[in-house]
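The values are calculated or read from the model by the stated rules, or taken from the named source; none is laboratory data. Computed from a predicted model, the values in this text were never measured in an experiment. Cβ placement follows ideal geometry from the backbone for every residue including glycine, while neighbour counts extend to all protein chains displayed.
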Amino acid sequence: MAVTVYAEGMGLFHRGSGGKGVAPGDVCLTPPPPPGGPLPVPYVNLASASDLQKGSETVKADGEPTALEDHSEVSTSTGNEAGTQGGNVVTHKTSGKAYFELWSMTVKFEGKGVCRHGDMMGQNAGSKPVGALDKAALVKFKKKFRKRSKCARRYRRKGYGPTDKQTAHVKSKRCWVRIGRKRCNNFGVTADHQPPLIIAWYQGGCNDPQKFKKWARSNGAVRPQCHMHSRRKNPQKGFGRRFKAGSITAVMKKIVLFVK
């Protein structure tokens with residue numbers, strides 16, 4: 001079926017769209033001929049729009065239910081069946097589900113953003129890395145701060161918070177981090193900037209330092225994060241140290257390795 005409904009120039013991922021998710025590097029333990037033990041083999045994992053579940057109910061695209069923000073899922077995936085059942089070295093799944101990690105921020109069906117061809121997915125039950133980058137927050141930030149030119153000044157951490165006001169704002173709220181499809185149930189103890197400050201700076205914040213500072217010290221710039229995810233299992237610090245001025249590509253490539 002042809003796709004005739006678009007959001008920001010990207011076709012909607014509905015059940016009849018013929019859409020595919022392709023995730024190379026789905027490493028699963030695979031039994032070799034005896035007497036050897038299981039070997040890690042990288043497969044190419046595939047997810048199809050025809051297996052979409054929990055799509056839109058009242059609003060359809062081309063007559064079909066379409067994928068929605070943080071709700072819909074592709075019920076199964078293919079390509080790694082040769083591996084040991086439950087043999088994926090990260091998710092311990094075979095033929096696992098696929099979930100969208102990004103969607104439209106402006107076009108909504110039934111109050112939820114629509115998922116589109118080209119939006120990032122976590123496949124074979126993969127999820128985004130814990131506590132690193134909230135891609136939805138990055139999209140919202142880039143609408144406020146347009147990247148006009150290369151940054152004239154390098155990022156410096158001092159003076160952007162988190163402030164006492166931001167910390168108080170998050171303490172009564174649940175941690176924003178998700179593990180798979182489940183949200184962490186702990187209460188936030190730290191104010192986590194999303195997108196991370198260094199990424200936000202090079203994605204447009206440097207073009208207006210005063211506006212950036214005002215945003216960075218506002219409650220809208222932070223999400224609640226529990227002690228476990230902020231101190232012990234947060235890869236954000238590593239991304240920040242290796243992030244270079246000019247592009248987010250390097251960071252996103254590292255995130256894809258976790259997601260896929």
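Remark: pairs (first residue in segment 139-153, more than 23 Å from CYS115 (Cα to Cα); second residue at pLDDT below 85; Cβ separation under 9 Å; 6+ apart in sequence or on different chains) = LYS150/ALA245; LYS150/GLY246; CYS151/ALA245; CYS151/GLY246. When segment 97-113 is filtered for residues that are under 12 Å from HIS71 (Cβ atoms) and either in a loop (DSSP other than H, G, I, E, B) or in contact with a helix residue (DSSP H, G or I) (Cβ under 7 Å, 6 or more places away or on another chain) (or both), the ones remaining, listed by number, are TRP103, GLU110, GLY111.
In the same structural domain as LYS214 (by TED's automatic domain parsing), more than 14 Å from HIS229 (Cα to Cα) and among the hydrophobic types (A, V, I, L, M, F, W, C): does that describe TRP201? When the stated conditions are applied, TRP201 passes them. Residues of segment 20-46 that are farther than 17 Å from GLN85 by Cα, surrounded by 12 or more Cβ atoms within 10 Å (Cβ to Cβ) and more than 19 Å from the chain's Cα centre (by Cα): none at all. For segment 47-78, taking the residues that are over 21 Å from the mean Cα position of the chain (by Cα) and among the aliphatic types (A, V, I, L, M), the one that is farthest from GLY11 (Cα to Cα) is identified as VAL59. Screening the candidates ALA67, ALA49, ALA2, ALA82 for the property of being closer than 17 Å to GLY111 by Cα and either free of Cβ contacts under 8 Å to residues at least 60 places away in the same chain or surrounded by fewer than 20 Cβ atoms within 10 Å (Cβ to Cβ) (or both) yields one hit, ALA67. Among the residues of segment 70-96, those that are in contact with a helix residue (DSSP H, G or I) (Cβ under 9 Å, 6 or more places away or on another chain), modelled with pLDDT of 90 or more and in a loop (DSSP other than H, G, I, E, B) comprise SER75, THR76, SER77.
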